[in-house]
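The values are calculated or read from the model by the stated rules, or taken from the named source; none is laboratory data. Nothing here was measured: the structure is a model prediction, and the numbers come from that model. Glycine gets a Cβ as well: all are built from the backbone with ideal geometry, and neighbour counts include every protein chain shown.
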Amino acid sequence: MAAHLLLLALLILLAGGLAALLAGRRSALASNCAAGATLVAALPGLGAALLGLRGAPATLEAAWQVPGGRLLLSVDALSGVFLLAIFVLAPLCALYGAAYLKAQGAERALGGHWFFFTGLVAAMALVVTAAQALLFLAVWELMSLASFFLVAFDHRLAEVRRAAWLYLLACHLGGALLFALFLLAGDLAGSLEFRDFHRLAEADPGVALLLFLLALVGFGTKAGLFPLHVWLPEAHPAAPSHVSALMSGVMVKTGIYGLLRVLTWLPAAPAWWGLLLAGLGILGALYGIALAAVQRDLKRCLAYSTIENVGIIFLGLGLSLYARALGLPLMAALGLAGALLHVWNHALFKGLLFLGAGGLLHATGTRDLNHMGGLLKRLPLSGALLIGGSLAIVAVPPLNGFVSEWLLYLGLLQGATQLSGAAALPPLLLVGLLALTGALALLVFVRLVGIALLGVPRSPAAVTAHEGGASLLLPQALLLSACLAIGLFPGAALGLLAAPLALLAPPGASAALLAVPLAGPGSLAWLLLALVSTAALLLVGLRRRRPRTAGETWGCGYALPSARMTYSAEGFAELAHNRMLPAVLRPAVGGALPAELFPQPVGRAQASADPVLGRLFQPLFAGLGERCVRLRWLQQGKPAVYLAYIFLTGAALMLWSLWALGGG
Amino acid sequence: MSDVNSVILLVVILLNFFTLGSARLVACIRAVALQGALLALLPVTVHGFSGHSLILALGAFTLKGLFIPWLLLRAIREVRIRREMEPLIGLVPTLFLGVLATVAAFLFADRLPLLLEHQEGLLVPASLATMLTGFLLLMTRRKAITQVVGYLILENGIFVFGVLLSTAMPLVVEAGVLLDLLVAVFVMGIVLNQINREFATINTERLSALKE
């Protein structure tokens, strides 16, 4: 049943995509076809996800021409978690995108864009349900290619082309490792179907480690795991906002799905795997949020925050592996529940924030925080929604971010108290580091909201900004209410996660989890909500009673204060920039300070390229490229030489087959 | 029947050496035509008279023995060339390499885990030797037309191998291979004329000007 619903959703998506492609130059028609199809497909898709979350796996089989097996789709509890996120976020992004691209549609054909959009949604749904290695790899590549074309939407801009190429490169590198992973696993299990992969549980520790590392790097590249995240801060700003929302919200999570799926096959993980995951996770979280603090590009800042959140999810996964290896089912369940819930939460609030950022971009025409300011007055609804999303992402209690981080803290503290000696040290350390991440996140989003929405406009575009249409605001409002719903009813959300937890956590963990006072954050949130709303009502009442007088802000004695004297995005991040970031991570600051006593014009500029990309990967690949130039003499451009290569290869293969026959 | 097979295959191998050692193009093409015609007999001598083998034999004879050689002879008449000048590796060394390749083919065929009925006879080693010869020709000659001859010999080798399987191999596959060959010859013919026109020579070495 669940698998058939999924098939229906996929067919609707395919039909919508093809219709959009046929509509071609009639952009409005293409947008409507694809967005409509995504909306309609979401209904059976959500049905499939909810049925999957109930726990009973549903499988769909069909014959396939490709050697190596049948076409197998399976919707189980783990797929359900990710399907739900996909089919909640995708229709909202589609609805938003149709309105967002309306202006561009007059100038260029949108058929291709929408074809790839529905293709990406369908490919993601297939990735999390494919139950056969070849099918999985095929749809994984499909997902990468579709998202590549979506990122390259504004391909006339050189920076967008560069970002798209970087993304494609990262995809290919990760994909190559996944090919190795699945072919090796298929060889060990004797079949390419996932249901036979449980035989991997008897693999040697060495082989299991190899499989784990292949999965970690291969899927980690897609998930934006530190230090493989380099494509994220380039690709997210380059893509149109609804695409960034979809990619950051759910596509990145398919990497986490892949790693979780592989972990269900492998033999019980030793404790240090968990520590490795948690360590990379917390490093990524700290790195991501620290760099988010110094970005002046709004969407780049959000992309770095995605790296932070993915780091937090990996921290939860690592925690659960660690606890499982040390025999603490409750701690394992808490870590896993926190991680899975954070997958949903991040899909909701990061989707909301990217859509909100798109709204600001739409209104002002720039992503530069320094050219915004004062937007809350001009865009009250967009501004309020953006503030809501920021509250959710910094884990303020009545919203959902708090619940998942609370579960993670509980898990870590559980470890710190239950374990003894050196084993208790990692969870204890992680508590502190996670708290540091949370504090930095608060700084980042206060800065984002403060610079973009508050104060006075810093550019003419910001002065004339006005609200977009209802179809830009409605998706964000729905996402914010979902954030609020999870924050207020965390028990219900965890109830949905019961089946996936039973599938992934050690036996007995779910029962242990039920004993945790889950009503805690929920009722706390209600109380807080009540307090905040009473306070707000009181404030409004007081304001009504006392008339306000408006006057100039005190300008520190300057006669003619201008908007350029207010805090800039870089100025606000001075603390993070100068005190908290290690020297290697600091953005390069160019320009000179005034050297003389008398005033003179000076310019200062800050450029924050990704340090890992600039200091590690670019030199590495440039060096490799230089060495590979020497291989150019192989390309002689003469047919005879190429034929000789074929001949030599053939001869070598003949010899090898003789050797193999002799050996066998 | 196995004696007839062996004689045919020995002649095929000798013709291999002849094409390797000869600089005259017309003679090469005639040798390949003769080789093709001889090979066309093989389906009948190996599998006996039947509709399947007769069709194979007839198809191979018309294409390999008559049509393609006729096309090639016409082509060299048009581009007016008679001899392979300055091959990349001299004729005698090529001949020597061909002998080595043939020896290697016989040794290799000996070690292959074949069905019992295929272990006797010369079919497998002759097929391998012919393929290797075709490759050698392709690699060592400069003129496009000698390369076409190389392709033909390569295909002849594949054909001998196919005869082993022709009871199992559907006609369609063999027809497909022949069609491929025909198309390849046509394409080469066109390329030949184009090279002739553009570079005033049919020397494929000049193609490296197209590199990058």
Pairs returned, first residue in the stretch B:48-69 that is in contact (Cβ under 8 Å) with a residue 40 or more places away in the chain, second residue that is among the β-branched types (Val, Ile, Thr), beta-carbon separation under 6 angstrom, 6 or more apart or interchain, are B:SER53/B:VAL44; B:ILE68/B:VAL185; B:PRO69/B:ILE29
Can you tell me which residue is farthest from A:GLY359 (Cα to Cα) among those in the stretch A:471-494 that are touching a Leu at 6+ places or on another chain (Cβ under 7 Å) and among the small types (Gly, Ala, Ser)? A:GLY491
For the subset of the stretch B:61-111 comprising residues that are more than 25 Å from A:MET654 (Cα to Cα) and within 14 Å of another protein chain (Cβ to nearest Cβ), which member is modelled with the highest pLDDT? B:LEU88
Among the candidates A:LEU472, A:LEU479, A:LEU430, single out the residue that is crowded, with 24+ Cβ neighbours inside 10 Å and at pLDDT below 90. A:LEU472
Criterion first (buried (at least 16 other Cβ atoms within 10 Å of the Cβ) and farther than 20 Å from A:TRP140 by Cα) does A:LEU101 satisfy it? yes
Among A:LEU50, A:LEU73, A:LEU95, which is the only one that is part of a helix (DSSP H, G or I) and more than 18 Å from A:LEU496 (Cβ to Cβ)? A:LEU95
Residue under question is B:THR45, and the condition is that it be buried (at least 17 other Cβ atoms within 10 Å of the Cβ), within 14 Å of another protein chain (Cβ to nearest Cβ) and in contact (Cβ under 8 Å) with a residue 24 or more places away in the chain; does it hold? no
Residue identified as among the aliphatic types (A, V, I, L, M) and over 30 Å from A:LEU29 (Cβ atoms) among A:ALA130, A:ALA103: A:ALA130
If you check B:ALA209, B:ALA175, B:ALA184, B:ALA168, which single one turns out to be within 29 Å of B:LEU54 (Cα to Cα), within 14 Å of chain A (Cβ to nearest Cβ), at pLDDT below 75 and surrounded by fewer than 19 Cβ atoms within 10 Å (Cβ to Cβ)? B:ALA184
All helices (runs of 4 or more DSSP H) inside the stretch A:240-312 with 3 or more residues being modelled with pLDDT under 95 and more than 30 Å from A:ARG195 (Cβ to Cβ): A:241-246, A:271-292
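Quick grid of which residues meet (1) within 36 Å of the chain's Cα centre (by Cα); (2) of a type outside the set (A, V, I, L, M, F, W, C):
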{"site": "A:ALA576", "(1), (2)": "yes, no"}
{"site": "A:LEU593", "(1), (2)": "no, no"}
{"site": "A:GLU596", "(1), (2)": "no, yes"}
{"site": "A:GLN600", "(1), (2)": "no, yes"}
Look at A:LEU13 and say whether it is under 28 Å from the mean Cα position of the chain (by Cα) and touching a residue at least 40 places away in the same chain (Cβ under 8 Å). yes
Within the stretch B:121-153, track down each residue that is within 11 Å of another protein chain (Cβ to nearest Cβ), of a type in the set (A, V, I, L, M, F, W, C) and within 17 Å of B:LEU100 (Cα to Cα). B:LEU128, B:MET131, B:LEU132, B:PHE135, B:LEU136, B:LEU137, B:LEU138, B:MET139
Confirm whether A:TYR322 is assigned to a helix (DSSP H, G or I), of a type in the set (Phe, Trp, Tyr) and under 29 Å from A:VAL446 (Cβ atoms). no
